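K.L.:
Quick one: the structure is below, questions incoming.
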Amino acid sequence: MKNSIRLSLNLIISYFCVYIVLFTLIGAVLYMVYSMCSTLVAGQGFSPFSMHYFVKGILLSAPVVITINSAFMAFYFIRHSEFSKFQLIVYGIFYLLVWILMMPGILSLNGSHKMKDAAAQDGNTLSPGYFREYDQYVFYYSKVDSHNVASGVCIDKKAGRDGVYVFKDVKLSRERNGFTDSLIQESIDIPIGIKFIVSTISRYSSIIQVEFSKGFFRWICFCTLGLALFSVIFLRNVTEWRLVNVVLIFFMMFVVIFINIRALYPFGAVHDVFASVNDKISFIPRKFNFFLVFVNLLVFSGLLVTGILIDNAGGNYVDYEEDDAE
Amino acid sequence: MKKFYLIMILYTALSFAFSLLYGAFFVNIPVLLQGTENSYKFFSSLLFFLKLLPAVFLSGYIAICAIIWQKTKKRVSVRFSAAMFERFTHIFISSLIATLVLTLNMEFFIPQVKGKIHSIENASSDVSNAIAATKSLMAQEKPLLAIQFATRALKLSPDSEYVRSIYKKALDFVDACRDRNFSKNSQKDEDDTVVHPLHDEDSKHSIVELLALAKSCAERKEWFPAHYWAQLAVQACDEKNTVLPEASHIANEAWKMLSYPLKFDNSKEREYYLLKKDGYSAYNSGDYLKAYFIFITLNTKYERGKDDPDVKKFFELTKEQVENDYFFYDEVQNIKEFSNSSKVYFTLTYPDKSRDVVFIDNSMDIKREGKLVKYVEGLFIARYAATGNFMYSMKVPCAKVTAIPVSSFSDDAKIILGIDGKWKYVPQITLQAVERSSGKIISKPEYNLLEENLPSRILEKNSMKSDGQLPVMHGVTVPPSSKNTLSMILPMTYDDLNIIADASAGAGNMGLWNLKKFLPKVESYGFSKEVFAESFVQRVTYPFMILIMFIFCATMGWNYRIVNPKTVFHFNWLFLFPVYCALTAVIFSCVEYMFTLMNYCIVGLFGNVALLVAFVVYAIMLFASSALFVSRKD
């Protein structure tokens, strides 16, 4: 019993300190650095710290971290095969608490923080004296005035001998792709593969906000996502090879999140499918996204049953004792 | 361990095959020359594979570690046990090998393949540019330049009927022009050849006159002009002329008197005399640039110099040589075949804070008479005043760049030109090209005093708006009010020209050693210090990052190994393999990006000591990663 409680305590501390707090801090720092760099202009001093962006980063990354946390906790359970059902239940309770209490708390803070955003946007003009490449064009600004009107030289790299233009008084566009200075963007832009992930995350953040603002009932429906994600932990002993289990869990988590995002985001084929099914069920009020809730609960129950079956089949999570005689 | 490498190689080969398939079906082919599509597809898939390689290695590594430790006999019940340390040594060695391969991949293979793809992509636009240039040069009645571009187009695309017809037209044009010139031979076009008015005027005297002038100067003991006239007489004589021995005698006498150590009243006079002699002998031996600066010093720093008629005469003579410097056009003939850098751009700052923006379309290095000479094509220079206002721009089809030793300049000259005494060689650009046989000027610079507006396609593509007055049409030449010099000295060290050629191609494409050399002076050439420093730190710390990741992956492998030694490998697990690889690739991308951000912060915060700080940070992370592995237990 004592051992059990000790293990549970370890579990909870891990859960909070490492997985939630640490990951949120990492996410916040990344967001802060990236935002500061996007307003940077070549030749100016560099300062990556900004309280405003840091707090904003925390508020943005906390919900995301809490969501994907379930997978990492599942990995934790895989590694610590000494955990029994008791730990699982303890974890379940805390997961529920976090999801129902912590998430709304963070989300309501987010609203008030949004106001400061507009003020922090500085209009920076580009610095003269540098070569800046845009696709096949290279621009050199000999002077840029405060209205972002520039004079200088433009080189067209694809045009051969006559491709150099000396120009005067051209008004530059303020921002391209979110970066004030393309020189900075060159070295720090997000690679293409990750752009997709980042856009998904931002889409997810906006969805959470929307669902939260639509009232308590709607929020509870959204929380079925949390339930479905919790259930990935039942896959932890599906095969004998832990690595395969890890991949399966990741895969399941992505599928569940993907379905939910697609269904809730008001564009796209998946959304239309869900909406049409909803329409057919006439006795449910429109605001209640029934089909999605149904799918999530289905996933939850399906995985729960799978988990129970595997555990009862004798599973492989029992400590394997090797014979010393061998 | 053999099993380990075997599986790894197999896995790598499989992913290569996958890349080839991907390339065959999914690669966007831009506009290309005929016949190059397949090689483009192949190289694109190769690039895809090479970029995927780190993820392939890492995912394989985790899987293999997990498999190998399935059969482990040594159980680990405490952290930091000896068994784990032993495993750690195996891990570390294999990680090092993998790191080496991946670093080589990053620094060598990927740039090579990228370069190949780039040249295939550009071949098509290069050909159309060359053809356009040929046509416009034919219209401008410049046959020799036109044939050069036609030859280039033919070399790039020998199979195209169209290109061949253009080449034939250019050849015919050259012949037609030559025939025309023969018939016009009697009228010599004044503007068309290089002139040295003063020198030519002096040379117009008959030999007898020259000799008389020399003798009269010798009688007046004016040895400088005596030697000058006598020398001209010697040059004008052929071997059979009876006057030759007398002329040579006077020349030698004069030279002997010049070298004779005279008595001087004070050291300043002696200094002056020696300097004057230096200047004159430099002029005589053809080292016009050196002479030019000596005479400037004589003119400005010495009282006597201002009134000395000798100094005045020789200064003018030297000046016209320097300003009318030229090179022979046939030296530039094969520039494209051997061109080793193209589309180079940079800025230069002069002592009065005015700036030049320089653009070079193509350049080629040749060893000539033991010295390295650079020929550039499509040189464009725009000069801006210190305030940022436009002064003038200059365009020349071809130019020659030689390395002048800094020692040939006096200290004053160095200050005027903006040359740092620590440099060894500076580039001198000769802007005028002359045909060797006829002396006709083939190419010389055109000047433009007006700015213009950008064409609308450029404005649109970059979301810019034109804000200014009505434009002058692009390409219209407005003659400058004063005649500009035809040779220039750039305030930079000659070696930098080569490094800058690399830099214009991008920080990521520079050799690491060159990047390191270039870093301190990046800003003075118009490149961003942030970009180059970040690229440098990123590339130097890449092996560390990979090593840290491998050790971390080993930890993952241990954590998620197969616990039961009796388990058989189920083949339906292989279905998850694509998911697994995709997952690893994504995670690797994310981690790499996080390292990039971290490097960027380090560079931004610590400036010059950034590399050191980065090393320390990475060393800490390596240690932590290793500690994490060694602390594993069951």
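The values are calculated or read from the model by the stated rules, or taken from the named source; none is laboratory data. Just so you know, these numbers come straight off a predicted model, no measurement behind them. In this analysis, Cβ positions are derived from the backbone assuming ideal geometry, glycine residues included, and neighbour counts consider all displayed protein chains. Surface accessibility is based on the protein's heavy atoms, side chains included, excluding ligands, DNA and RNA. Shrake-Rupley method; radii C 1.70, N 1.55, O 1.52, S 1.80 Å.
K.L.:
Test of understanding: among B:Met594, B:Met545, B:Met556, B:Met510, which residue is open to solvent by 20 Å² or more (accessible area, probe 1.4 Å), of a type in the set (A, V, I, L, M, F, W, C) and more than 20 Å from A:Phe251 (Cβ to Cβ)? It would help to see each step written out before you state the result.
P.N.:
Values: B:Met545 fails: open to solvent by 20 Å² or more (accessible area, probe 1.4 Å); B:Met556 fails: more than 20 Å from A:Phe251 (Cβ to Cβ); B:Met510 fails: open to solvent by 20 Å² or more (accessible area, probe 1.4 Å).
None of the other options fit; the residue is B:Met594.
K.L.:
For B:Thr103, all conditions in the list (1) away from chain A (no Cβ under 14 Å); (2) under 24 Å from B:Ala624 (Cβ atoms); (3) open to solvent by 80 Å² or more (accessible area, probe 1.4 Å) hold save one; what is the number of the exception?
P.N.:
(3)
K.L.:
Any residue at all in segment B:113-122 that's within 30 Å of B:Ser438 (Cα to Cα) and assigned to a helix (DSSP H, G or I)? Even if it seems obvious, please write down each step before you answer.
P.N.:
Of all residues in segment B:113-122, those within 30 Å of B:Ser438 (Cα to Cα) come to none.
The answer is no, given that none of the residues of segment B:113-122 is within 30 Å of B:Ser438 (Cα to Cα) and assigned to a helix (DSSP H, G or I).
K.L.:
State whether one or more residues within segment A:84-107 are over 29 Å from the mean Cα position of the chain (by Cα), of a type in the set (Lys, Arg) and modelled with pLDDT of 80 or more. Show your work before the answer.
P.N.:
Within segment A:84-107, the first condition is being over 29 Å from the mean Cα position of the chain (by Cα), and the residues that meet it are A:84-86.
With the extra rule that they be of a type in the set (Lys, Arg), the set shrinks to A:85.
Of the ones still in play, those that are also modelled with pLDDT of 80 or more are none.
Checked against the condition, which is being over 29 Å from the mean Cα position of the chain (by Cα), of a type in the set (Lys, Arg) and modelled with pLDDT of 80 or more, segment A:84-107 yields no hits at all.
K.L.:
Kindly provide the set of residues from segment A:139-149 that are more than 7 Å from chain B (Cβ to nearest Cβ) and either open to solvent by less than 10 Å² (accessible area, probe 1.4 Å) or closer than 15 Å to B:Pro455 by Cα (or both), ordered by number. Break it down into steps so the answer makes sense when it comes.
P.N.:
Here is the first cut: in segment A:139-149, the ones more than 7 Å from chain B (Cβ to nearest Cβ) are A:139, A:141, A:144-148.
Residues satisfying the conditions are A:Phe139, A:Tyr141, A:Asn148.
K.L.:
Inside segment B:509-519, can you point out the residues that are without any contact (Cβ under 8 Å) to a residue 40 or more places away in the chain and either within 10 Å of chain A (Cβ to nearest Cβ) or touching a helix residue (DSSP H, G or I) at 6+ places or on another chain (Cβ under 9 Å) (or both)?
P.N.:
If the condition is that a residue be without any contact (Cβ under 8 Å) to a residue 40 or more places away in the chain and either within 10 Å of chain A (Cβ to nearest Cβ) or touching a helix residue (DSSP H, G or I) at 6+ places or on another chain (Cβ under 9 Å) (or both), then B:Met510, B:Gly511, B:Asn514, B:Leu515, B:Lys516, B:Lys517, B:Phe518, B:Leu519 are the ones that fit.
K.L.:
Whether any residue in segment A:22-39 is more than 14 Å from every other protein chain (Cβ to nearest Cβ) and touching a residue at least 60 places away in the same chain (Cβ under 8 Å) is what I want to check.
P.N.:
No, segment A:22-39 has no match at all.
K.L.:
Oh, and also: Can you name the condition, by its number, that A:Phe230 falls short on among (1) at pLDDT 85 or above; (2) within 11 Å of chain B (Cβ to nearest Cβ); (3) under 15 Å from A:Phe77 (Cβ atoms)?
P.N.:
Of everything listed in (1) at pLDDT 85 or above; (2) within 11 Å of chain B (Cβ to nearest Cβ); (3) under 15 Å from A:Phe77 (Cβ atoms), A:Phe230 misses just condition (2).
K.L.:
Here's something else I'd like to know. Condition first: open to solvent by 10 Å² or more (accessible area, probe 1.4 Å) and either small (Gly, Ala, Ser) or more than 21 Å from B:Ser393 (Cα to Cα) (or both). Now tell me which residues in segment A:150-171 satisfy that.
P.N.:
A:Ala159, A:Lys171
K.L.:
Still on this structure, please answer the following. Please pick out the residue among A:Leu304, A:Leu243, A:Leu227, A:Leu248 that is part of a helix (DSSP H, G or I), free of Cβ contacts under 8 Å to residues at least 60 places away in the same chain and surrounded by fewer than 22 Cβ atoms within 10 Å (Cβ to Cβ). Reasoning before the result, please.
P.N.:
Numbers: A:Leu304 fails: free of Cβ contacts under 8 Å to residues at least 60 places away in the same chain; A:Leu243 fails: surrounded by fewer than 22 Cβ atoms within 10 Å (Cβ to Cβ); A:Leu227 fails: free of Cβ contacts under 8 Å to residues at least 60 places away in the same chain.
Exactly one of A:Leu304, A:Leu243, A:Leu227, A:Leu248 is part of a helix (DSSP H, G or I), free of Cβ contacts under 8 Å to residues at least 60 places away in the same chain and surrounded by fewer than 22 Cβ atoms within 10 Å (Cβ to Cβ), namely A:Leu248.
K.L.:
Still on this structure, I have one more. Given B:Ala533, B:Ala610, which one is more than 10 Å from chain A (Cβ to nearest Cβ) and at pLDDT below 90?
P.N.:
Result: B:Ala610 is the single residue among B:Ala533, B:Ala610 that is more than 10 Å from chain A (Cβ to nearest Cβ) and at pLDDT below 90.
K.L.:
Under 9 Å between Cβ atoms, at least 6 apart or on separate chains: pull out the pairs that start in segment B:30-47 with a residue that is open to solvent by less than 30 Å² (accessible area, probe 1.4 Å) and outside any loop (DSSP other than H, G, I, E, B) and end on any residue that is polar (S, T, N, Q) and at pLDDT 80 or above.
P.N.:
If the second residue must be polar (S, T, N, Q) and at pLDDT 80 or above, the pairs left are B:Ser45/B:Ser19; B:Leu47/B:Ser19.
K.L.:
Report, by residue number, each residue of segment A:212-224 that is assigned to a helix (DSSP H, G or I) and within 19 Å of A:Phe291 (Cα to Cα). Steps first, please.
P.N.:
Our first condition is that a residue be assigned to a helix (DSSP H, G or I); within segment A:212-224, this holds for A:212-213, A:216-224.
Across segment A:212-224, the qualifying residues are A:Phe212, A:Phe216, A:Phe217, A:Arg218, A:Trp219, A:Ile220, A:Cys221, A:Phe222, A:Cys223, A:Thr224.
K.L.:
Further question: Considering segment A:126-138 alone, what residues qualify as being hydrophobic (A, V, I, L, M, F, W, C) and at the interface with another protein chain (Cβ under 8 Å from one of its Cβ atoms)? Spell out how you get there, then give the answer.
P.N.:
At the first step, the residues of segment A:126-138 found to be hydrophobic (A, V, I, L, M, F, W, C) are A:126, A:131, A:138.
Within segment A:126-138, A:Phe131, A:Val138 qualify.
K.L.:
Could you tell me whether segment B:592-599 includes any residue that is part of a helix (DSSP H, G or I) and more than 10 Å from chain A (Cβ to nearest Cβ)? Reasoning before the result, please.
P.N.:
Our first condition is that a residue be part of a helix (DSSP H, G or I); within segment B:592-599, this holds for B:592-599.
Narrowing further to those that are more than 10 Å from chain A (Cβ to nearest Cβ): B:595.
Checking segment B:592-599: at least one residue is part of a helix (DSSP H, G or I) and more than 10 Å from chain A (Cβ to nearest Cβ).
K.L.:
Being open to solvent by 20 Å² or more (accessible area, probe 1.4 Å) and modelled with pLDDT of 80 or more is the filter here; which residues of segment B:297-309 pass it?
P.N.:
Start the filter on segment B:297-309 by keeping residues that are open to solvent by 20 Å² or more (accessible area, probe 1.4 Å), which leaves B:299-304, B:306-307, B:309.
Those that are open to solvent by 20 Å² or more (accessible area, probe 1.4 Å) and modelled with pLDDT of 80 or more: B:Asn299, B:Pro309.
For (1) among the acidic types (Asp, Glu); (2) under 29 Å from the mean Cα position of the chain (by Cα); (3) at pLDDT below 80; (4) open to solvent by less than 30 Å² (accessible area, probe 1.4 Å), each residue gets a yes or a no:
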residue	(1), (2), (3), (4)
B:Ala130	no, yes, no, yes
B:Thr151	no, yes, no, no
B:Tyr162	no, no, no, no
B:Ile166	no, no, no, yes
B:Val174	no, no, no, yes
B:Asp189	yes, no, yes, no
B:Glu201	yes, no, yes, no
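K.L.:
I'm checking my understanding of the structure. Among residues of segment B:358-395 that are over 19 Å from B:Ser504 (Cβ atoms) and either touching a Leu at 6+ places or on another chain (Cβ under 6 Å) or not in a strand (DSSP E or B) (or both), which one is farthest from the other protein chains (Cβ to nearest Cβ)?
P.N.:
Here the answer is B:Gly370.
K.L.:
Does A:Ile197 count as open to solvent by 30 Å² or more (accessible area, probe 1.4 Å) and without any contact (Cβ under 8 Å) to a residue 24 or more places away in the chain?
P.N.:
Working: open to solvent by 30 Å² or more (accessible area, probe 1.4 Å): yes; without any contact (Cβ under 8 Å) to a residue 24 or more places away in the chain: yes.
When the stated conditions are applied, A:Ile197 passes them.
K.L.:
Determine if segment B:72-85 includes at least one residue that is at pLDDT 85 or above, in a helix (DSSP H, G or I) and either crowded, with 18+ Cβ neighbours inside 10 Å or not polar (S, T, N, Q) (or both). Explain how you work it out, then say what you get.
P.N.:
At the first step, the residues of segment B:72-85 found to be at pLDDT 85 or above are B:85.
Filter once more, keeping what is in a helix (DSSP H, G or I): B:85.
If we keep only those that are either crowded, with 18+ Cβ neighbours inside 10 Å or not polar (S, T, N, Q) (or both) too, we end up with B:85.
Scanning segment B:72-85 turns up at least one residue that is at pLDDT 85 or above, in a helix (DSSP H, G or I) and either crowded, with 18+ Cβ neighbours inside 10 Å or not polar (S, T, N, Q) (or both).
K.L.:
Check whether at least one residue in segment B:37-45 is of a type in the set (Lys, Arg) and over 37 Å from the mean Cα position of the chain (by Cα), and report yes or no. Break it down stepwise before answering.
P.N.:
If we filter segment B:37-45 for residues that are of a type in the set (Lys, Arg), which is where we start, we get B:41.
Those left that are additionally over 37 Å from the mean Cα position of the chain (by Cα): none.
No, that holds for no residue.
K.L.:
Considering only residues that are more than 8 Å from chain A (Cβ to nearest Cβ) and crowded, with 18+ Cβ neighbours inside 10 Å, which ones fall in segment B:561-591?
P.N.:
Of everything in segment B:561-591, those that are more than 8 Å from chain A (Cβ to nearest Cβ) and crowded, with 18+ Cβ neighbours inside 10 Å turn out to be B:Cys581, B:Thr584, B:Phe588.
K.L.:
Tell me the residue from A:Leu11, A:Leu22, A:Leu30 that is open to solvent by 50 Å² or more (accessible area, probe 1.4 Å) and touching a helix residue (DSSP H, G or I) at 6+ places or on another chain (Cβ under 7 Å), please. Outline the logic, then answer.
P.N.:
Numbers: A:Leu11 fails: open to solvent by 50 Å² or more (accessible area, probe 1.4 Å); A:Leu22 fails: touching a helix residue (DSSP H, G or I) at 6+ places or on another chain (Cβ under 7 Å).
It is A:Leu30.
K.L.:
Taking segment B:288-307, which residues are aromatic (Phe, Trp, Tyr), more than 37 Å from the chain's Cα centre (by Cα) and in a helix (DSSP H, G or I)? Break it down into steps so the answer makes sense when it comes.
P.N.:
As a first pass, look at segment B:288-307 and keep what is aromatic (Phe, Trp, Tyr): B:288, B:292-293, B:295, B:302.
Next, only the ones that are more than 37 Å from the chain's Cα centre (by Cα) stay: B:302.
Listed by number, the list is empty, since nothing qualifies.
K.L.:
Would you mention how many residues in segment B:125-177 are out of contact with any helix residue (DSSP H, G or I) (no Cβ under 7 Å at 6 or more places or on another chain) and either of a type in the set (Gly, Ala, Ser) or within 14 Å of chain A (Cβ to nearest Cβ) (or both)?
P.N.:
Going through segment B:125-177 one residue at a time, the tally reaches 11.
K.L.:
Would you check if there is a residue in segment B:562-585 being among the basic types (Lys, Arg) and over 30 Å from A:Glu133 (Cα atoms)? Before the answer, list the steps.
P.N.:
Kept after step one, since they are among the basic types (Lys, Arg), are these residues of segment B:562-585: B:566.
If we keep only those that are over 30 Å from A:Glu133 (Cα atoms) as well, we get B:566.
Yes, because at least one residue in segment B:562-585 is among the basic types (Lys, Arg) and over 30 Å from A:Glu133 (Cα atoms).
K.L.:
For B:Ser524, all conditions in the list (1) within 11 Å of another protein chain (Cβ to nearest Cβ); (2) in contact (Cβ under 8 Å) with a residue 40 or more places away in the chain; (3) open to solvent by 50 Å² or more (accessible area, probe 1.4 Å); (4) out of contact with any strand residue (DSSP E or B) (no Cβ under 9 Å at 6 or more places or on another chain) hold save one; what is the number of the exception?
P.N.:
Looking at each condition in turn, B:Ser524 falls short on (4).
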